[in-house]
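Read the structure below first, then the notes.
The values are calculated or read from the model by the stated rules, or taken from the named source; none is laboratory data. It should be emphasised that the depicted structure is a prediction, and the values quoted were computed from it without experimental measurement. So basically every Cβ, Gly included, is an ideal-geometry build from the backbone, and we count neighbours across all protein chains shown. Just the protein is used for accessible areas: all its heavy atoms, side chains included, with ligands, DNA and RNA removed. Shrake-Rupley method; radii C 1.70, N 1.55, O 1.52, S 1.80 Å.
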Amino acid sequence: MQICELRQSLLDCDGHALVLGGPGSGKTTIALKKAVVRINSGLAPGQSVLFLSFSRAAVARLGEAMKQEVPKAQRSQLSMQTFHSFFWALLSTHAYLLGVPRKLRILLPQDEQVEYGSIRSRDRNPQNPEWRAWLERREEMFRRDGRIAFDLFARNAEVLLARSQHVRRLITQRHPLIIVDEAQDTDAHAWRCIELLAETAQIVCLADLEQQIFDYLPGIGPERVDAIRQALVPLEIDLGRQNHRSVGTEIALFGQDILAGRARGTPYVGVSCFGYDPRRRPQKAALRMALGMLQRAIKAATGRYGRNVAILTHSGASAARISAALNSEPKPVRHKLAFDEAEAMLTARFAAFLLEPKAEATRREDLALALELLATSKAAAGLAAATQWRGWAARVRQGREPRAQFVQAVAGVIDSVRSAAFTGDPARDWSSIKRLLRDSGDPELLTAAKNLDYLVAFNRGRRISAGLGAIWTRDGRYTRARDALDLALAQDQILGGVDDPPGLQVMTIHKSKGKQFDGVIVIREGRHDGQRQVSSFVWWDDTPPYRRSRKILRVAVTRSRVHTLILEHFFPRCPIFAGHNL
Ligand SMILES: Nc1ncnc2c1ncn2[C@@H]1O[C@H](COP(=O)(O)OP(=O)(O)OP(=O)(O)O)[C@@H](O)[C@H]1O
């Protein structure tokens, strides 16, 4: 890699720095180089360069990039973490200074969701007394029981760092250089933490305001980059519109034109569009054709098929529909769906419960508990059935077992696991639970079995297996399997899952941020805005000239290295695409 003068100035700089630049301009790459230079200049034993990112996805990509940019010998001196894992480590060691219990536990998102699931998403705001009451209860859980929700991490880390110079020193002595990825998306608390650490550590912020697509979240806004400038007075280098991701294509230029609202009216190298009429051609057929076109385009450009490709959608519901269309017979297409995990995690707790030893004497309690666990996962999905199932659980406890088919099916499963001989191999035993659920023939239990598949798809299996295996080795049965599962999931949400699998992935545009694929299909369809069908590229509440929508679409189209294909319904027409001729 050529190091230009601009990049060299970053490598030479001892003070704070701010690296700006568009998608694929090389911010991450040069920051990793900077880390290597710092490591080579000598770190004391126990010291490392800290690279902070928002999502595990971004850390996963960093891991990939690191393999290219950082020599093996130095990798252990580079600590790549998400903000969450960094704050968690900080809080779990020092939060007692805030007067909370010494032993902290994480309030998992799926458990939080159970608490507030009944409040509609649009009512989850500080104006709503019900929501405020939940926030207070959540705060109380932290103060009294040491159970802390992810959302409280940054705020409490800030209080801790602000109060204790000692803790600040401990961190900056360990990490003399801190690199902050996607610094434009730090909220006020996370940013204040960095600012406090900047007193005694060197900070390098990477930012691109034009990729700020999480600005609907509280505390995130365009003011952050100015705040960085004011607080750090950094050396500023701007990689501008350099494009190293999709060299030889005009993908970055296309993204730029989308953002600027410029329609040049001629095709772009590396970008194509496949429009279809959903009344004539079903989506599942169009999807398969589009995947073929994408892979052929990648092969034509590079001589080989793409290693990883993604289908990007505007909403989670749309991602789920695409996934279902890909799964449809006769030729299902293998893929991974990045989806809302709460329901699946809670179903896993039900499965863990089924693994726990059971006795005839506790049948009634077991059945009631099973119904409650299932109700909890329903509640997380915001489904009304939860209330009814909880009612049934209460009746079971009173000795009045409802005749409802669902209750009978669950009772059947409980009866079968009581006599099941588990093998001690968690993977096999987990599969036999799934089989039992499927064999029950009940549609709800079938959904539960499917949710368990998702966990495997998400690579959550390994840590869960290890936890369950350890219990079996100790006890010869799965005593308190649910605790082991919770522990595995908590670890996983903070530390784990840092891989970027090959193959096809389906996800929302927001989830794709910071990722890179050989090829990308961006789905455009219709979405109902309450009055009529509008293009799904037009974001909720956005108005001409559609700044927000353009920003988001640009993030989507610039995720690919070789080819981006827009798969679109002919109708409704899209104002953002008007004048383009792809
Ligand atoms: N100076 C360079 N010369 C050649 N290739 C480079 C250079 N810098 C980066 N690359 C390559 O370009 C691609 C994108 O770079 P990188 O991920 O660093 O960009 P980025 O600015 O962090 O992107 P984004 O903001 O979209 O996450 C990578 O595959 C990287 O290996």
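Test ARG61 against the stated conditions and say whether it is within 20 Å of the chain's Cα centre (by Cα) and assigned by TED's automatic domain parsing to the domain that holds ILE220. Even if it seems obvious, please write down each step before you answer.
On the way: within 20 Å of the chain's Cα centre (by Cα): yes; assigned by TED's automatic domain parsing to the domain that holds ILE220: yes.
Judged against the criteria, ARG61 is a match.
Quick one: is MET66 under 17 Å from the mean Cα position of the chain (by Cα), within 16 Å of the ligand (Cβ to nearest atom) and open to solvent by 20 Å² or more (accessible area, probe 1.4 Å)? Let's see the steps before the verdict.
Working: under 17 Å from the mean Cα position of the chain (by Cα): no; within 16 Å of the ligand (Cβ to nearest atom): yes; open to solvent by 20 Å² or more (accessible area, probe 1.4 Å): yes.
For MET66, the condition - under 17 Å from the mean Cα position of the chain (by Cα), within 16 Å of the ligand (Cβ to nearest atom) and open to solvent by 20 Å² or more (accessible area, probe 1.4 Å) - is not met.
With the requirement that a residue be charged (D, E, K, R) and either in contact (Cβ under 8 Å) with a residue 60 or more places away in the chain or at positive phi (or both), what does region 216-233 give you?
Step one: list which residues in region 216-233 are charged (D, E, K, R), which gives 223-224, 226, 229.
The one that is charged (D, E, K, R) and either in contact (Cβ under 8 Å) with a residue 60 or more places away in the chain or at positive phi (or both): ARG229.
State all residues of region 1-27 that are farther than 26 Å from ALA190 by Cβ and away from the ligand (no atom under 16 Å from the Cβ); if no residue qualifies, say none.
The one that is farther than 26 Å from ALA190 by Cβ and away from the ligand (no atom under 16 Å from the Cβ): ASP12.
For a quick check of your reading of the model, give me the residue pairs whose first member lies in region 235-252 and is farther than 15 Å from GLN2 by Cβ, whose second is more than 8 Å from the ligand (Cβ to nearest atom) and aromatic (Phe, Trp, Tyr), with beta-carbon atoms closer than 9 Å and at least 6 apart or on different chains.
Filtered contacts from region 235-252: THR249/TYR268; GLU250/TYR268; ILE251/TYR268.
Could you grab me the full set of residues in region 189-232 that are charged (D, E, K, R) and more than 15 Å from the ligand (Cβ to nearest atom)?
Residues satisfying the conditions are ARG192, GLU195, GLU199, ASP215, GLU223, ARG224, ASP226, ARG229.
Six or more apart or on different chains, Cβ atoms under 8 Å: show the pairs whose first residue is in region 399-416 and under 16 Å from PRO357 (Cα atoms) and whose second is open to solvent by 40 Å² or more (accessible area, probe 1.4 Å) and aliphatic (A, V, I, L, M).
VAL413/LEU436; SER416/LEU436
Quick check on my filter: what residues within region 308-330 are part of a loop (DSSP other than H, G, I, E, B) and either free of Cβ contacts under 8 Å to residues at least 40 places away in the same chain or of a type outside the set (Ser, Thr, Tyr) (or both)?
Selection gives HIS314, GLU329, PRO330.
In region 509-569, which strands (runs of 3 or more DSSP E) lie fully inside it and hold 1 or more residues that are out of contact with any strand residue (DSSP E or B) (no Cβ under 7 Å at 6 or more places or on another chain) and surrounded by fewer than 20 Cβ atoms within 10 Å (Cβ to Cβ)? Show your work before the answer.
Values: elements: 517-524, 526-528, 533-535, 560-569.
Per the criteria, 526-528.
Go through region 171-258 and tell me which strands (runs of 3 or more DSSP E), entirely inside it, have 3 or more residues that are of a type in the set (Val, Ile, Thr) and surrounded by 20 or more Cβ atoms within 10 Å (Cβ to Cβ).
On the way: elements: 177-180, 202-207, 235-238.
Filter on region 171-258 gives 177-180.
I'd like the residue in region 244-255 that is under 26 Å from the mean Cα position of the chain (by Cα) and closer than 19 Å to HIS580 by Cβ and, out of all such residues, is farthest from the ligand (Cβ to nearest atom).
Filtering region 244-255 for residues under 26 Å from the mean Cα position of the chain (by Cα) gives 244-246, 251-252, 255.
Going one step further and asking which of them are closer than 19 Å to HIS580 by Cβ, we end up with 246, 251-252, 255.
Working: SER246: 8, ILE251: 11, ALA252: 9, GLY255: 10 Å.
Applying the filter and picking the extreme gives ILE251.
Could you please let me know if ARG61 is in contact with a Lys or Arg (Cβ under 8 Å, 6 or more places away or on another chain) and not in a strand (DSSP E or B)? Give the derivation first.
Working: in contact with a Lys or Arg (Cβ under 8 Å, 6 or more places away or on another chain): yes; not in a strand (DSSP E or B): yes.
The answer is yes for ARG61.
Picking from ILE494, ILE521, which residue would you name as being modelled with pLDDT of 80 or more, of a type in the set (Val, Ile, Thr) and out of contact with any Asp or Glu (no Cβ under 8 Å at 6 or more places or on another chain)?
Details: ILE494 fails: modelled with pLDDT of 80 or more.
That would be ILE521, the only listed residue that is modelled with pLDDT of 80 or more, of a type in the set (Val, Ile, Thr) and out of contact with any Asp or Glu (no Cβ under 8 Å at 6 or more places or on another chain).
Filter the helices (runs of 4 or more DSSP H) completely within region 401-490 down to those with at least 1 residues that are open to solvent by less than 60 Å² (accessible area, probe 1.4 Å) and among the acidic types (Asp, Glu). Lay out the reasoning, then the answer.
Numbers: elements: 405-419, 426-439, 443-457, 461-475.
Correct list: 405-419, 426-439, 443-457.
So in region 525-555, with the set limited to residues that are within 16 Å of the ligand (Cβ to nearest atom) and among the β-branched types (Val, Ile, Thr), which one is farthest from GLY503 (Cα to Cα)?
ILE552
Scanning for something away from the ligand (no atom under 16 Å from the Cβ) and on the phi > 0 side of the Ramachandran plot, does region 513-524 turn up at least one residue? Don't jump to the end; show me each part of the working.
We begin by selecting, within region 513-524, every residue away from the ligand (no atom under 16 Å from the Cβ); these are 521, 523-524.
Now restrict to residues that are on the phi > 0 side of the Ramachandran plot: none.
No, region 513-524 contains no residue that is away from the ligand (no atom under 16 Å from the Cβ) and on the phi > 0 side of the Ramachandran plot.
Among THR543, THR564, which is the only one that is in contact with a Leu (Cβ under 9 Å, 6 or more places away or on another chain) and more than 15 Å from HIS314 (Cα to Cα)? Don't jump to the end; show me each part of the working.
Details: THR543 fails: in contact with a Leu (Cβ under 9 Å, 6 or more places away or on another chain).
Residue meeting the stated conditions: THR564.
For region 28-57, give me each residue that is within 15 Å of the ligand (Cβ to nearest atom), in a helix (DSSP H, G or I) and open to solvent by less than 30 Å² (accessible area, probe 1.4 Å).
Within region 28-57, THR28, ILE30, ALA31, LEU32, LYS34, ALA35, VAL36, ALA57 qualify.
Answer with yes or no whether ARG573 is more than 16 Å from the ligand (Cβ to nearest atom) and in contact with a Cys (Cβ under 7 Å, 6 or more places away or on another chain). Full working, then the answer.
Numbers: more than 16 Å from the ligand (Cβ to nearest atom): yes; in contact with a Cys (Cβ under 7 Å, 6 or more places away or on another chain): no.
No, not satisfied.
Does region 548-581 hold any residues that are of a type in the set (Ser, Thr, Tyr) and farther than 18 Å from VAL269 by Cα, and which are they? Walk me through how you get there before you give the answer.
Step one: of region 548-581, the residues of a type in the set (Ser, Thr, Tyr) are 549, 558, 560, 564.
Answer for region 548-581, where residues must be of a type in the set (Ser, Thr, Tyr) and farther than 18 Å from VAL269 by Cα: just SER549.
List pairs: first residue in region 520-541 and under 18 Å from ASP277 (Cβ atoms), second residue aliphatic (A, V, I, L, M) and open to solvent by 70 Å² or more (accessible area, probe 1.4 Å) anywhere in the structure, Cβ distance under 9 angstrom, at least six positions apart or on different chains.
none
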